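For reference, the structure discussed in these notes is given below.
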Amino acid sequence: MNWKRKSSGSRCREEEQRERLIQQAAADPPDGLRSCKGCCVPRGCVAVLVGGGAEPEERVVVDVRALGQPCVRALLDMAARELGYDQKGVLRIPCAAAEFRRAVAADGHRCMR
């Protein structure tokens, strides 16, 4: 006889809370009006600024696992060539926000504004 641990449903609650935090982070004003901007990024996610040049910069919250996927890694390599590795502060990726979202979606990870 094998005993299996019964799911308490806490996993679903954790996922719901994580989704709520991602949505809250997406709703934050990008111009720094909040006093604690970084605390709104859920655990396991990272906020990046995409855009630049003629494209307005946009804050995007993405699952950290997406940064290792091939499409997103190519954008990170491009950012390293253009901006270097010694960036201070927030991670910046000089591409259109729509292009970044397509790269994340192509690899199957969630991406929110």
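Bridge orientation summary for the stretch 39-112: considering DSSP beta bridges with both residues in this region, about 75 percent are antiparallel.
Backbone amide hydrogens, once placed in the peptide plane, bring CYS95 within less than 5 Å of GLY51, excluding anything fewer than 5 places away on its chain. Each of ARG101, ARG73 was scored by other Cβ atoms within 10 Å of its Cβ. Arranged with the fewest first, they read ARG73, ARG101. Taken along the Cα-to-beta-carbon direction at a fixed 7 Å, the label points for ALA54 and LYS88 span 3.1 nm.
FYI, it's all coordinate maths here, none of it is from the lab. Treat the numbers as computed from the prediction; the structure is a model and nothing was measured. Note that each Cβ is placed from the backbone with ideal geometry, even for glycine, and that neighbours are counted across all protein chains shown.
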